[in-house]
Amino acid sequence: MNNPFADTQLWFGLFGGLALFLFGMDIMTRSLKRAAGEYLKSLLARLTRNRFVAAAMGAFVTSIIQSSSVTTVILVGFISAGLLSMGQSVAVIMGANIGTTITAQILAFKVTTLALPIITIGFLVSFIAKRDEWRQYGLMVLGLGLVFYGMSVMSGAVKPLRSYEPFIAFMTTLDHPLLAALAGAAFTAIIQSSSATTGILIVMAGQGLIGLEPAIAIALGANIGTCITAGLASIGKPREAVRAAVVHTLFNVAGVLLWIGFVPQLAELARAISPAHEALTGMERLAADAPRQIANVHTFFNVINTFVFIGFTTQIARFVEWLIPDRPLSKEEALAPLYLDEVLLMTPSIALAATRREIVRLGEWVRDMLNDVLPAVISRKRSVLETIARKDKAVDNLHREIVGYLAKISTGDLSAAETDELMELIEIANDLEYVADRTAADIVTSARKSLSEGVVISEKTAVIISKFHAEIVKALTRTLQAVAGRDHELASKVRSKKKYVASMKRRIATHEVKRLTADAPNRLVTYAREIETVELLDGIFKIIRRIARTQEQKTDTPEPEEA
């Protein structure tokens, strides 16, 4: 027969169908993450130390977002924030491989005939729905329909290959499991979707174009190819990202090596556990039986791999941490963004959570500046004061990165709650940057003047002002804890310190008035500088209370903030 590869309809059908498949997957996963992102975030964050629960949650989350690589990337933020240990994340990554097999199980049903009705229903729901939640559900259905339709287009396009001898001869070269696995890994690395690779295998099997054994080997290789996405995403990222990508790769490669020598046995198992169409014979039976057999064996070896390796999550975590140790940060890297990963922007709720962690990190830097400034003022250490002034530039840089990242999040399709959280985070970031400015500019400037004027704070006065300063540093520490944990009660406790701090300030003022009559050099200048420092600290406390207010339970009549 004529060469079907010379027919442009075949190429347009094959690649056009693949494009529809991938586009449908993208629409479906984006809508699922948009509708369930907050739930998925809280689900991952609440994982217990039970590795089996962690694996189950990894499988569930990945079955929703249909990307083990994205699950791995999301985990990085939780590991960095201390919400998950490396050992727990290993179990989640193992479970993620099981989650990716759900697509194959769905596609193995004869669903292509339902493609157009599903697309119609999905479009109508997304077009008519007024509520965003229902619109996202409609888009999910629309995406699923496009996945099915893409498979239908590919299936029709490759049909002529059933009787093309050169193609059949090429497929026989894939009888060697290792070559077939390498082909699956390479193809999956190119299209960056193991689900798409499995979908194409099911299409080819449904046309009788590929045998069960080579299809299994290619599916095994796809498990390795999918690691490329996470590997590329980890380039230039923190150590936690690299470690998670390495775990993902090690687990998948080890799993493939475990099974690559048992492809014939896996094929026999697939035939044993899958329904058979005994009334059919030859290629017709192969086309009828193979799709479900591929889906079943794909799920089987991923589940078994997880159960084989899940007992070694702690050892795997330790090995990876040894393989990729932490490295000391340079001064330039010390306050570079750590959690603001562009990949997370596709899931706004998770991107906002990452931004919150970055803001807390910014706040801890600001707190350290505030904590160090008064001892430097009292001890007249100019070098420490200059160091604090330089730190303010790093704070300014990170503040700009945070605001820029929040601006990118704002361009997404946010819910009302996400929009409120975004505005809250901008307000907190701005206030923390203002605290840094007041510390590094105002207090340091006042201290420089004290040095040039020869001001020396007495021991008794230093003790009183230091207690006032310590109370304000403690307020900032608790406020950052409230922001990190969205702790309303702790935030209210910080706000309730208003009267106590005011009473401390009055006691300092009384002490300062008494000191005016003391027989000491530069008494009036010293008084002015000490009172100025106290007023600046009091101003910082008001900003801290303003930050704490963002974490209190919202009411219809908020308390007016003092100037």
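Enumerate the pairs (first residue in the range 520-547 and without any contact (Cβ under 8 Å) to a residue 40 or more places away in the chain and closer than 13 Å to V501 by Cα; second residue anywhere and surrounded by 21 or more Cβ atoms within 10 Å (Cβ to Cβ) and among the hydroxyl-bearing types (S, T, Y)) with beta-carbon separation below 7 Å, excluding pairs fewer than 6 apart on the same chain, so at least 6 apart or on different chains.
Close Cβ pairs (under 7 Å, with a partner that is surrounded by 21 or more Cβ atoms within 10 Å (Cβ to Cβ) and among the hydroxyl-bearing types (S, T, Y)) do not exist here.
Criterion first (part of a helix (DSSP H, G or I), over 16 Å from E535 (Cβ atoms) and of a type outside the set (V, I, T)) does S446 satisfy it?
Working: part of a helix (DSSP H, G or I): yes; over 16 Å from E535 (Cβ atoms): no; of a type outside the set (V, I, T): yes.
The answer is no for S446.
Tally time: how many residues in the range 430-470 are closer than 21 Å to R390 by Cβ, surrounded by fewer than 15 Cβ atoms within 10 Å (Cβ to Cβ) and of a type in the set (V, I, T)?
Matching residues across the range 430-470 total 1.
Of a type outside the set (K, R), in a helix (DSSP H, G or I) and in contact (Cβ under 8 Å) with a residue 24 or more places away in the chain: does that describe A440? Even if it seems obvious, please write down each step before you answer.
On the way: of a type outside the set (K, R): yes; in a helix (DSSP H, G or I): yes; in contact (Cβ under 8 Å) with a residue 24 or more places away in the chain: yes.
Yes.
State yes or no: is V473 assigned to a helix (DSSP H, G or I), more than 41 Å from the chain's Cα centre (by Cα) and either among the aliphatic types (A, V, I, L, M) or surrounded by 18 or more Cβ atoms within 10 Å (Cβ to Cβ) (or both)?
Values: assigned to a helix (DSSP H, G or I): yes; more than 41 Å from the chain's Cα centre (by Cα): no; either among the aliphatic types (A, V, I, L, M) or surrounded by 18 or more Cβ atoms within 10 Å (Cβ to Cβ) (or both): yes.
No.
So, in the range 85-102, exactly how many residues are buried (at least 24 other Cβ atoms within 10 Å of the Cβ) and modelled with pLDDT under 75?
Of the residues in that region, 1 qualify.
Can you name the residue in the range 125-169 that is modelled with pLDDT under 60 and either outside any helix (DSSP H, G or I) or aromatic (F, W, Y) (or both) and is also farthest from T198 (Cα to Cα) among such residues?
Y164
Listed here are the residues, each with its yes/no results for (1) loosely packed, with under 15 Cβ neighbours inside 10 Å; (2) at pLDDT 90 or above.
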position: L340; (1), (2): no, no
position: S379; (1), (2): yes, no
position: K391; (1), (2): no, no
position: I409; (1), (2): no, yes
position: A417; (1), (2): yes, no
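Can you say whether I426 is surrounded by fewer than 18 Cβ atoms within 10 Å (Cβ to Cβ), part of a helix (DSSP H, G or I) and hydrophobic (A, V, I, L, M, F, W, C), as far as the supplied structure shows? If you could, list the steps in order and put the result at the bottom.
Details: surrounded by fewer than 18 Cβ atoms within 10 Å (Cβ to Cβ): yes; part of a helix (DSSP H, G or I): yes; hydrophobic (A, V, I, L, M, F, W, C): yes.
Criteria met by I426.
Six or more apart or on different chains, Cβ atoms under 6 Å: show the pairs whose first residue is in the range 366-389 and assigned to a helix (DSSP H, G or I) and whose second is among the basic types (K, R).
Close Cβ pairs (under 6 Å, with a partner that is among the basic types (K, R)) amount to M369/K391.
Go through the range 178-204 and count every residue that is at pLDDT 75 or above and over 17 Å from V147 (Cβ atoms).
The total comes to 11.
Can you name every residue in the range 511-553 that is part of a loop (DSSP other than H, G, I, E, B) and either surrounded by 11 or more Cβ atoms within 10 Å (Cβ to Cβ) or modelled with pLDDT of 75 or more (or both)?
Residues satisfying the conditions are L516, A518, A520, N522, T550, Q551, E552.
Give the residue, chosen from D396, D372, that is at pLDDT 90 or above, under 20 Å from L432 (Cβ atoms) and surrounded by fewer than 18 Cβ atoms within 10 Å (Cβ to Cβ). Before you say what the answer is, go through the steps one by one.
Details: D372 fails: surrounded by fewer than 18 Cβ atoms within 10 Å (Cβ to Cβ).
Of the residues listed, the single one that is at pLDDT 90 or above, under 20 Å from L432 (Cβ atoms) and surrounded by fewer than 18 Cβ atoms within 10 Å (Cβ to Cβ) is D396.
Check the range 18-27 and report whether any residue there is at pLDDT 70 or above, small (G, A, S) and farther than 30 Å from Q481 by Cβ.
Yes, the range 18-27 contains a residue that is at pLDDT 70 or above, small (G, A, S) and farther than 30 Å from Q481 by Cβ.
Scan the range 440-460 for residues that are in contact with a helix residue (DSSP H, G or I) (Cβ under 6 Å, 6 or more places away or on another chain) and either within 21 Å of I508 (Cα to Cα) or of a type in the set (D, E, K, R) (or both) and jot them down.
Passing the criteria: D442, I443, V444, S446, A447, S450, E453, V455, I457.
The values are calculated or read from the model by the stated rules, or taken from the named source; none is laboratory data. All values derive from a computational prediction rather than experimental measurement. Because the Cβ atoms are built from the backbone with ideal geometry, glycine has one as well, and the counts that use them run over all protein chains shown.
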